[in-house]
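The values are calculated or read from the model by the stated rules, or taken from the named source; none is laboratory data. Note that the coordinates shown come from a computational prediction; the quantities given were computed from them, not determined experimentally. When we count neighbours, we look across all protein chains shown, and the Cβ atoms used for this are built from the backbone with ideal geometry, even at glycine. Remember, those area values only see protein heavy atoms, side chains included, never the ligands or the DNA or RNA. Shrake-Rupley method; radii C 1.70, N 1.55, O 1.52, S 1.80 Å.
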Amino acid sequence: MKQFRSFAFLFFAILIKAQAQNGFQANYDEAKVPAYTLPDILKTTTNQPVQNKKTWEKVRRPEIIRLFEENVYGQTPKSYDRLTYTVKNENAQAMGGKATLKEVAIEVVKNNKPLTINLVLFVPNQKKSPVPVFLLINNRGKDNMDPTRAQKSDFWPAEMVIDSGYAVAAFHVSDLAPDDTTKYVNGVLQLYPEQLTANDGMKAIGAWAWGASRVLDYFEKDKAIDAKKVMVVGHSRGGKASLWAAAEDQRFAMCFTNCSGNTGAALSHRRFGETIRRINTVFPHWFAKNYKKYNDNEAALPLDQHMLLAAIAPRPLYATNASKDLWADPTGTYLSVKLASKVYELYGIKANLPANPPGINQPIMTSSVGYHNREGEHNLTAYDWSNFIKFATDQFK
Ligand code: GTR
């Protein structure tokens with residue numbers, strides 16, 4: 001017995017050491033966050049100050065997008081040969097008559113290779129068209145977007161959104177790139193095979209963001225939808241994709257990034273919670289190959305996530321955390337949001353965000369830059385959605 005115990009002890013000691021060596025030991029101690037320096041959001045790569053929105057739009061913003069394409073998410077292919085759609089199912093009496101359901105197969109073709117995105121869309125019946133829409137990038141089970149509504153889930157509370165007068169839509173990430181280390185190639189990447197070999201080729205997160213833009217292409221053809229008011233929503237890995245989609249595609253009117261953490265809304269230079277090595281090791285299929293250069297090397301990153309958030313300005317942006325989800329670094333997320341708000345100020349939007357993160361369940365929505373830290377676990381909940389709806393309604397006023 002004694003021998004077994006010392007053997008077990010030795011085994012665990014080796015295991016812990018191995019994990020630490022891989023950089024998998026997450027830091028959760030604020031006092032142990034090493035000092036870091038962030039790239040200045042308001043200085044161009046040639047060190048010129050950015051003092052107005054003209055320089056921001058002409059020089060700095062395009063520079064930032066290029067930095068993220070090259071180092072993090074990869075290139076996003078812009079061209080395709082054809083986009084068509086088929087309404088597979090329509091029910092004008094969905095949700096007890098409150099909404100019209102449309103199940104739409106959106107087909108995109110490039111080099112004779114087709115890809116289908118299956119969209120579930122509910123449009124409120126009492127509203128005069130066209131209506132703004134919340135579009136969820138669904139990274140969880142398809143049961144969360146049940147068109148029959150036999151299954152309901154707070155991850156996509158479609159009835160709540162319809163009752164508030166908005167349309168609500170969702171597609172599943174697996175239509176674009178299965179969330180799997182090898183199967184991710186079986187989707188959009190078949191249409192753009194050059195992306196597979198390039199060091200700055202997009203992978204799964206880029207593919208999901210690309211998919212959100214194709215759904216927006218569809219919304220531009222659907223008269224029930226106000227395509228100038230499409231709000232992209234994502235949770236966690238989906239929240240990384242919602243940010244990238246909104247940053248790259250300026251047609252998105254608003255962005256919601258829920259508990260998106262590392263390589264989402266949280267700062268990477270700040271070593272707290274998940275790290276770049278950890279994310280690149282466990283999810284090697286999410287980001288461009290180039291991103292692996294920054295494993296245990298955050299200091300070398302020529303960017304940080306506050307710059308991605310800023311690329312969405314002046315369009316409204318709302319980020320969240322959950323109090324028990326330290327892995328996603330709530331403080332690092334709030335700091336990132338606050339730093340990004342400097343760019344909103346170039347547009348005359350005074351965010352006036354307090355220096356310290358707000359208390360739990362105390363949403364900030366006094367300007368186009370919103371934030372809350374919800375009580376509880378890593379998840380997308382009715383509480384989060386009710387704040388998204390409130391924020392959107394304020395912003396559209
Ligand atoms: C975790 C991952 C996070 C986040 C999360 C999720 O395992 O480390 O970055 O994406 O998954 O998507 O729920």
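Numerical summary
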item	result
Those aspartates and glutamates that a straight Cα-Cα span of less than 18 Å connects to Lys228, excepting residues fewer than 8 apart in one chain	Asp217, Glu220, Glu248, Asp249, Asp394
Dimensions in Å of the stretch 279-347 - Rg and Dmax from alpha carbons	13.9, 39
Interchain or long-range residues, amide H under 5 Å from Val131's placed H	Ile225, Asp226
Taking the C-alpha atoms of the chain, convex hull volume expressed per residue in Å³	162
Accessible heavy-atom area order of Met160, Met202, highest first, probe of 1.4 Å	Met160, Met202
Estimated vicinal HN-Hα couplings, Hz - the stretch 282-299 in sequence order (Karplus 6.51, -1.76, 1.60; Gly, Pro = x)	7, 10, x, 9, 8, 10, 4, 3, 3, 5, 5, 4, 9, 4, 6, 9, 4, 4
Pairwise Lys count, the stretch 90-132 - Cα closer than 28 Å, eight or more residues apart or different chains	6
The chain: relative contact order in percent, alpha carbon pairs under 8 Å with at least 6 residues between	16
Exposed-site-free run, longest, the chain (rule: GluC sites (Glu not before Pro); DSSP loop; at most 15 other C-beta within 10 Å)	1-219
Three-way shape call for the stretch 155-224 based on the alpha-carbon gyration tensor, with the a/c threshold at 1.5	prolate
Solvent-accessible surface (1.4 angstrom probe) belonging to Lys240, in square angstrom, nearest 10	10
In Å², nearest 10: area of Ile312 left accessible to a 1.4 Å probe	0
Reach of Lys293 by Cα under 19 Å, taken over lysines that are not fewer than 8 positions away in the same chain	Lys203
